[in-house]
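The values are calculated or read from the model by the stated rules, or taken from the named source; none is laboratory data. Not measured: the values here are computed from a predicted model. In this analysis, Cβ positions are derived from the backbone assuming ideal geometry, glycine residues included, and neighbour counts consider all displayed protein chains.
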Amino acid sequence: MKKQIIPAIIAKKQEELENRINKVKDYFNLIQLDFMDGKFVPNNSIDFDFKLPDTKCCFEAHLMVNDPVGWTEKNYDKVDTILAHFESLDDPQEIIDVVKEKNKKIGFVLNPETSIEEIEKYIDQIDQVLIMTVNPGFYGSPFLPEMVDKIKNLRDKSENIDIEVDGGITDKTISLVNNAGANMFVSGSYIVKSDDIKKAVEQLKKIIG
């Protein structure tokens, strides 16, 4: 299964968004954009009418918002993958249908307290599952080691689904989630705040093999 290291971008303004994307774009094929509405999580990020710089990268939208369907209808053309928090969905089937109608990839995001069993009936309809290994909303939150069993549980249920992890992923924690069955690894502050991004990425890649 293809393994990927993915930087996560948080931004308050358009200029900051462009600067952070431009800082990492040469080292990655896929960039995650963190959208926060200040309601679903107690923080704000990219909550403006954003534009993305021209890059060779694909983009996935991690929607920490109360209305992921409305966000998708407005912004789907700017990104390649929509990742919606399962906890924000009144009707999970609706977001699956809306995103597939737009010919985009769809994934569900699970907060630490949400079990795999809650999404089990949708697994065959979605492209990936993002398991939060921290409580969402901030850069630099501590890694929750008890999420390792959740990753193993999901991999046991599906050999083919992309399992993404996000939160506290560093050179100290990435082997835990890799060994549990994850194949997509989001790293926010460890990469974006690094003095040497290329070195940080190479270090993570070396660990996961």
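Per-structure values
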| item | result |
| --- | --- |
| Given (1) crowded, with 18+ Cβ neighbours inside 10 Å; (2) part of a helix (DSSP H, G or I), index of the condition TYR122 fails | (1) |
| Subset tally (residues that are assigned to a helix (DSSP H, G or I), free of Cβ contacts under 8 Å to residues at least 60 places away in the same chain and surrounded by 13 or more Cβ atoms within 10 Å (Cβ to Cβ)) for segment 1-56 | 7 |
| Inter-residue pairs, beta-carbon under 7 Å, first at pLDDT 70 or above and in segment 131-142, second among the basic types (Lys, Arg) and crowded, with 16+ Cβ neighbours inside 10 Å, 6+ apart | ILE131/LYS150 |
| Candidate set: segment 178-188, residues that are touching a residue at least 40 places away in the same chain (Cβ under 8 Å) and not in a helix (DSSP H, G or I); chosen: the one surrounded by the most Cβ atoms within 10 Å (Cβ to Cβ) | ALA182 |
| Residues of segment 46-81 satisfying the condition of being of a type in the set (D, E, K, R), out of contact with any Gly (no Cβ under 9 Å at 6 or more places or on another chain) and at pLDDT 95 or above | ASP49, LYS51, LYS56, ASP67, GLU73, LYS74, ASP77, LYS78, ASP80 |
| Subset of segment 159-177 (residues that are surrounded by 16 or more Cβ atoms within 10 Å (Cβ to Cβ), not β-branched (Val, Ile, Thr) and not in a helix (DSSP H, G or I)) | ASP162, GLU164, ASP166, GLY167, GLY168 |
| Which listed residue is surrounded by 15 or more Cβ atoms within 10 Å (Cβ to Cβ) and in a strand (DSSP E or B), from ILE191, ILE131, ILE96 | ILE131 |
| Segment 174-195, residues that are at pLDDT below 95 and either in contact with a Cys (Cβ under 6 Å, 6 or more places away or on another chain) or of a type in the set (S, T, N, Q) (or both) | SER187, SER189, SER194 |
| Filtered residue count, segment 99-117, keeping only those that are in a loop (DSSP other than H, G, I, E, B) and either of a type outside the set (Asp, Glu) or farther than 17 Å from PRO145 by Cβ (or both) | 7 |
| Filter result for VAL129 (in contact with a Leu (Cβ under 7 Å, 6 or more places away or on another chain) and either under 23 Å from GLY188 (Cβ atoms) or among the aromatic types (Phe, Trp, Tyr) (or both)) | yes |
| Among residues of segment 157-177, those that are free of Cβ contacts under 8 Å to residues at least 12 places away in the same chain and in contact with a strand residue (DSSP E or B) (Cβ under 7 Å, 6 or more places away or on another chain), counted | 0 |
| Any chance ILE5 is touching a Phe, Trp or Tyr at 6+ places or on another chain (Cβ under 9 Å) and at positive phi | no |
| Verdict on ASN75 being surrounded by fewer than 19 Cβ atoms within 10 Å (Cβ to Cβ) and assigned to a helix (DSSP H, G or I) | yes |
| Residue in segment 196-207 that is modelled with pLDDT under 90, assigned to a helix (DSSP H, G or I), surrounded by fewer than 21 Cβ atoms within 10 Å (Cβ to Cβ) and not small (Gly, Ala, Ser) present | no |
